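For reference, the structure is listed below as structure tokens.
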There are 2 protein chains.
Amino acid sequence: MKKSNVDILLNQLGAWLQGTGEYSDIVISSRIRFARNLKGFPFYHWASDKKREEVYFKVKEAIGNIPDFQNGIWMDMVELNELDRYFLLERHLISKELTEKGAHKASLIGDREIVSVMVNEEDHIRLQVLESGLSLLQAIDIARRIDNELAQKLDYAFSYEWGYLTACPTNTGTGLRASVMLHLPLLVLTKQITNVINTIAKLSFTTRGFYGEGTEASGNFFQISNQVTLGRSEEEIVENLLKVISQVINYERSAREKFYKQEKLSLEDQVFRSYGMLKNSRVVTSKEAIELLSNLRMGIDLGIIDIDIKQMNELFLLIQPAHLQKLEGRKLNSKERDIKRAELIRNRIK
Amino acid sequence: MKKSNVDILLNQLGAWLQGTGEYSDIVISSRIRFARNLKGFPFYHWASDKKREEVYFKVKEAIGNIPDFQNGIWMDMVELNELDRYFLLERHLISKELTEKGAHKASLIGDREIVSVMVNEEDHIRLQVLESGLSLLQAIDIARRIDNELAQKLDYAFSYEWGYLTACPTNTGTGLRASVMLHLPLLVLTKQITNVINTIAKLSFTTRGFYGEGTEASGNFFQISNQVTLGRSEEEIVENLLKVISQVINYERSAREKFYKQEKLSLEDQVFRSYGMLKNSRVVTSKEAIELLSNLRMGIDLGIIDIDIKQMNELFLLIQPAHLQKLEGRKLNSKERDIKRAELIRNRIK
């Protein structure tokens, strides 16, 4: 485990954006997150700085010996400037909570950004596994292995009645949040998406946007995750989510087939126009860029246009404000970002 | 003078679209039209077919010897199908009136489409001179010369009190309509155009769209012409129009300079986006195509993008319904035209 500047990450693309894995034409990525706390210590928000520091050192020591993090990058939030913290947030490596002021917060990022840990988030430990395509089972295997290794070194706050105790009751129980990011352009286009989301909500699953909690769906990206963590086993949660996801994949796939047959020309028109705009615009907002890139991704998936999917995924990451500023090496105001964003897209799309 | 199929015109570009002449960055073309009728014959709409036929032969014979029409193409409307008639209408060579059913209507088109005559329109003779750029004086010289030659062979209906007598009283007097087609994207963008048009109307000039009488301005094209033909000399009419036009040119030019300085980036963005759309769309309506091409033309005039202006002008012509169908060699419905139009533009813009 090494301590380092976040700039190392700037020139790499996390494993979850490689466009590989099962159903990768529809499923961007799968994510498993465990929330854990240390026995005998108050939750972060109720703890004194002294207690927070103790938690910090305990966790850091325990994690240091886990093979998955041998080449991990340790980052103390207090040592990062705002831009770097937002950069990590945009990469889905830390949460909004962790970017905010507070003592002894840290993040540890493993090889290829697959595994990461937040220390002193609202829970003492937030372990995340993030993989490309539909790979929840693979992700939970990794998460469990690391969790078991940590459990041997740390005394978790656990109740036989409630399960893992967490700062927020919505996480109590398994402490598990399983989520899958989907790209559903045809369910949006054919206006079936509202029905799908409503049905998912009734089954106690939540739908969010690409850019995480509290964000609206944009660019036809939808992140579906379990709401309930209590009273169900990890297996049940993951299996139920997989059932829902497989239904949604079927809906999207059949919408793609049907609609593309019926409206081939208008879809091609939309895809190529988006390409034309992305290759030519001089100023582009984040919202518009995401929509146009989403159309292009749809074009790739439908075989309308031939562009490297990794390149596309990378752009979804790079067009975000902190990434643009890191790439440029300086602060940019909103207008400057729109110009830089347009330039970046023009140059990167082949 | 030869009789021929309209297809000869398909592969040529009228002189008025060459993008030459004075102020050709703002002024597309200048047009002079004389309305004349033969003494002793009722106006076309009140005449019997017998009388119409007499007029037809008188005019045809008189015109046949005029040098300007030595290689002219004579077309009897009755021998043309609807598509061919609309094709001539789109080229600004005949009027809507002439496309409509009626005996002994004809059109004679001179070299490079500069000079043309309609026979048995609402007036017996409609002589038109159409030139590129701001060239009203040159155009009226040509029109007068031909008119004089015709006057030697034909007895015009003329009153010393009223001047030339015409079917519609708005043309009585000089029988002159002088008009100038302008491209005013920056007056539109800066919202000064309404003021300009209102002022022009107060000075007794009319503003119309690119596609002639009864059409709305589209693609930032405005055709300004005199309303009054009675009680003023030809010289006065043309001089007054030239004064107004030169004001409008100044307004547009200063708007271009000011706005381009202030909003360089957004103008460039608009121009390049339009280029991207035109180069990539698969379906495009006439209205949208005209708007996008207008943006591109603005880009050429502002030095933002380097595209041949003749090529652009030709596209404004070719994207019209009858032209598309003539190019394709068959009838096309609206949807088919939108596809063909997109294809044509993609292939023609370099």
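Every number in this text was worked out from the coordinates using simple rules, so none of it is lab data. Everything numeric in this text was worked out from a predicted model, so none of it was measured. Cβ coordinates were reconstructed from backbone atoms using ideal geometry, including for glycine residues, and neighbour counts include every protein chain displayed.
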Checklist outcome for this item: Binned at 5 Å from zero, the C-alpha pair distances of segment A:152-215 give percents of 4, 13, 16, 20, 15, 10, 10, 6, 4, 2, 0
Item to check | For segment B:239-350, convex hull of alpha carbons as volume per residue, Å³ | outcome: 116 Å³
Item to check | In Hz, Karplus ³J(HN,Hα) per residue of segment A:89-103 (6.51, -1.76, 1.60; θ = phi - 60°; x = Gly, Pro) | outcome: 4, 5, 7, 6, 9, 10, 9, 3, 3, 6, 6, 7, 3, x, 6
Checklist entry - Using a label position 7 Å from Cα in the Cα→Cβ direction, what is the ascending list of nm distances from residue B:242 to the same site in the other copies? => result 8.5
Checklist entry - Distances from residue B:348 to the same residue in each other copy, label points 7 Å out along Cα→Cβ, in nm, shortest first? => result 3.7
Next on the checklist: Please compare each pair in A:335/B:261; A:279/A:331; B:51/B:101; A:258/A:287 to a cut-off of 21 Å on the Cα-Cα distance and tell me which ones are over it.
Outcome noted: A:279/A:331; A:258/A:287
Next on the checklist: Could you work out [θ]222 nm for the protein assembly as shown from helices alone, using -39500 (n - 2.57) per DSSP H run of at least four and dividing by all its residues? Round to the nearest 500 deg cm²/dmol.
Outcome noted: -14500 deg cm²/dmol
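If you keep only loop residues by DSSP, which trypsin sites (Lys or Arg not before Pro) in segment A:9-114 have at most 16 other Cβ atoms within 10 Å of their Cβ? It would help to have the intermediate numbers written out before the result.
Details: sites: A:31, A:33, A:36, A:39, A:50, A:51, A:52, A:58, A:60, A:85, A:91, A:96, A:101, A:105, A:112; in loops: A:39, A:91, A:101, A:105.
Of the trypsin sites (Lys or Arg not before Pro), the ones in loops of segment A:9-114 whose Cβ has at most 16 other Cβ atoms within 10 Å are A:39, A:101.
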Checklist outcome for this item: Pseudo-spin-label distance residue A:162 to residue A:334, built 7 Å along Cα→Cβ, given in nm, is 4.2 nm
Checklist outcome for this item: Inter-copy distances for residue B:40, label 7 Å out on the Cα-Cβ vector, sorted ascending, nm, one decimal, are 12.7
Checklist outcome for this item: Pseudo-spin-label distance residue A:53 to residue B:236, built 7 Å along Cα→Cβ, given in nm, is 9.8 nm
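Calculate the mean, over all residues of peptide A:24-37, of how many other protein chain Cβ atoms lie within 10 angstrom of the residue's Cβ.
0
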Item to check | Nearest-ten-degree value, helix A:234-262 long axis tilted from longest Cα axis of chain A | outcome: 10 degrees
Checklist entry - One-quarter of the Cα convex hull surface for chain A, in nm²? => result 16.9 nm²
Item to check | Between 0 and 90°, nearest 10: helix B:49-64 axis offset from chain B longest Cα axis | outcome: 70 degrees
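Figure the gain on full extension for residue B:83 and residue B:247 (residue separation times 0.36 nm, minus the Cα-Cα span) and round it to one decimal in nm.
Details: separation 164, 0.36 × 164 = 59.04 nm, distance 3.91 nm.
Here the segment from residue B:83 to residue B:247 would lengthen by 55.1 nm.
Figure the gain on full extension for residue A:190 and residue A:227 (residue separation times 0.36 nm, minus the Cα-Cα span) and round it to one decimal in nm. List each step's numbers first, then the result.
Details: separation 37, 0.36 × 37 = 13.32 nm, distance 2.69 nm.
Length difference between fully extended and current span is 10.6 nm.
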Checklist entry - Given chain B, what percent of its DSSP beta bridges are antiparallel, to the nearest 5? => result 95 percent
Item to check | segment B:129-180 versus segment A:200-278: alpha-carbon centroid distance in Å | outcome: 69 Å
Checklist outcome for this item: Highest GNM mean-square fluctuation among B:209, B:219, B:40, for chain B with Cα springs under 10 Å, belongs to B:40
Checklist outcome for this item: Expressed as a whole-number percentage, the relative contact order of segment A:260-339 with C-alpha contacts under 8 angstrom and at least six residues apart is 30 percent
Checklist entry - What residue in chain A has the Cβ closest to the axis turning A into B, and how close is it in whole Å? => result A:276, 2
Checklist outcome for this item: Among GluC sites (Glu not before Pro) in segment A:118-162, those in a DSSP loop whose Cβ has at most 11 other Cβ atoms within 10 Å are A:161
